[in-house]
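To start, the structure under review is shown below, and the notes come after it.
The values are calculated or read from the model by the stated rules, or taken from the named source; none is laboratory data. All values reported here derive from a predicted model rather than from experimental measurement. When we count neighbours, we look across all protein chains shown, and the Cβ atoms used for this are built from the backbone with ideal geometry, even at glycine.
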Amino acid sequence: MTAALALLRGVNVGGRRKVPMADLRAIVESFGHSEVATLLNSGNVVFAASGGAEFDAAAAAADITAGVRGRLGLEVDVVVRTAAQVDAVVAANPFVEAARTDPSHLVVVFYSDPVRDAVLDMSRHGSEQVVWDGAQAYVTYPEGIGRSTLTADALDRAAGQPGTGRNWRTVLALQELLLARA
C-alpha cells in the first residue's frame, strides 16, 4: 500500500469552514483507505491508500473534495502527496538553518500542480524569502507570519493556483505519521 497525505486548505480557521476531524477520517475511510489519522485540527490526514501501486493522488484529492462537499456542504481545496513525495519535500528544503532554529516560521506551501513562472516582487515584503520548487514553495518569515505582507493570497496569485501551507514542525510530524504507514 502507498502511504499518502491529504492537506485541506483553509479549514477550521477563525471558526469558519468547520471540518471535524472525525468526519474527515470517515470521509477518507469511505474511499477504502485504511490506517487513517489526522494531525492537529487544520485539515491534515494521513492514510494507507487503497489501490496499491496504482494510487492516483489527483483522484484521491478529487474524492476527498467531493466527500467534504457531500458530507459537510463545503468547497475545500485538497492537495495529496505520497510519503515518497513528502520525503522529497523535506530533503529539498533550501532553508536548513531556519528549519533548525526557527521551524515555526518556515512554511511549505503545497500546490496541486507544479508552479511555473511564478512572479513575486519580494521588495514589497521585507525579510521574507521564497524558493519555488515544483509543486511547492518554501517560505521563511523571520519577523513572524501574522504581521507579514507576504500572505497566502499573494503566494497564490504568484503561483497561479491555490495552495495550502504547513509550518516545518507540522511537515516533519506528518512525515513521521506517513513513515508509520509505509
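Condition check for residue 64 on (1) closer than 25 Å to residue 181 by Cβ; (2) in contact with a Pro (Cβ under 8 Å, 6 or more places away or on another chain): one failure, at (2).
Take the residues in the stretch 136-182 that are in a helix (DSSP H, G or I) and β-branched (Val, Ile, Thr), then tell me which one is surrounded by the most Cβ atoms within 10 Å (Cβ to Cβ). Break it down stepwise before answering.
The initial filter retains those residues of the stretch 136-182 that are in a helix (DSSP H, G or I), namely 152-159, 168-179.
Now restrict to residues that are β-branched (Val, Ile, Thr): 170-171.
Details: 170: 19, 171: 24.
Within the stretch 136-182, the match that is surrounded by the most Cβ atoms within 10 Å (Cβ to Cβ) is 171.
Residues that are in a loop (DSSP other than H, G, I, E, B), of a type in the set (S, T, N, Q) and under 16 Å from the mean Cα position of the chain (by Cα) within the stretch 35-60 comprise 41, 42, listed in sequence order.
Select from the stretch 132-161 the residues that are among the charged types (D, E, K, R) and touching a Gly at 6+ places or on another chain (Cβ under 7 Å) and list them in ascending order. Working first, answer last.
Of the residues in the stretch 132-161, the ones among the charged types (D, E, K, R) are 133, 143, 147, 153, 156-157.
143, 156 - these are the residues of the stretch 132-161 that are among the charged types (D, E, K, R) and touching a Gly at 6+ places or on another chain (Cβ under 7 Å).
As a summary of the residue check, residue 35 satisfies the conditions (1) touching a residue at least 60 places away in the same chain (Cβ under 8 Å); (2) surrounded by 17 or more Cβ atoms within 10 Å (Cβ to Cβ); (3) among the charged types (D, E, K, R) except for the one numbered (2). Among the conditions (1) over 29 Å from residue 24 (Cβ atoms); (2) at pLDDT 95 or above; (3) assigned to a helix (DSSP H, G or I), the only one that residue 66 does not satisfy is (1). Report whether or not residue 32 is part of a loop (DSSP other than H, G, I, E, B), within 13 Å of the chain's Cα centre (by Cα) and not assigned by TED's automatic domain parsing to the domain that holds residue 152. When the stated conditions are applied, residue 32 does not pass them. Contact map, the stretch 139-152: residues that are touching a residue at least 40 places away in the same chain (Cβ under 8 Å) and among the polar types (S, T, N, Q) paired with residues that are part of a loop (DSSP other than H, G, I, E, B) and crowded, with 17+ Cβ neighbours inside 10 Å, Cβ distance under 9 Å, separation 6+ or inter-chain. Pairs shown: 140/95; 140/128. For the stretch 111-121, the set of residues classified as out of contact with any helix residue (DSSP H, G or I) (no Cβ under 8 Å at 6 or more places or on another chain) and either closer than 26 Å to residue 61 by Cα or in contact (Cβ under 8 Å) with a residue 12 or more places away in the chain (or both) consists of 113, 114, 116, 117, listed by residue number. Residues in the stretch 67-101 that are more than 18 Å from residue 165 (Cα to Cα), among the β-branched types (Val, Ile, Thr) and surrounded by 14 or more Cβ atoms within 10 Å (Cβ to Cβ): 68 alone. Summed over the stretch 75-89, the residues that are touching a residue at least 40 places away in the same chain (Cβ under 8 Å), aliphatic (A, V, I, L, M) and in a helix (DSSP H, G or I) give a count of 3.
Does residue 71 satisfy being touching a residue at least 12 places away in the same chain (Cβ under 8 Å), among the basic types (Lys, Arg) and either under 18 Å from residue 43 (Cβ atoms) or assigned to a helix (DSSP H, G or I) (or both)? Working first, answer last.
Details: touching a residue at least 12 places away in the same chain (Cβ under 8 Å): yes; among the basic types (Lys, Arg): yes; either under 18 Å from residue 43 (Cβ atoms) or assigned to a helix (DSSP H, G or I) (or both): yes.
Criteria met by residue 71.
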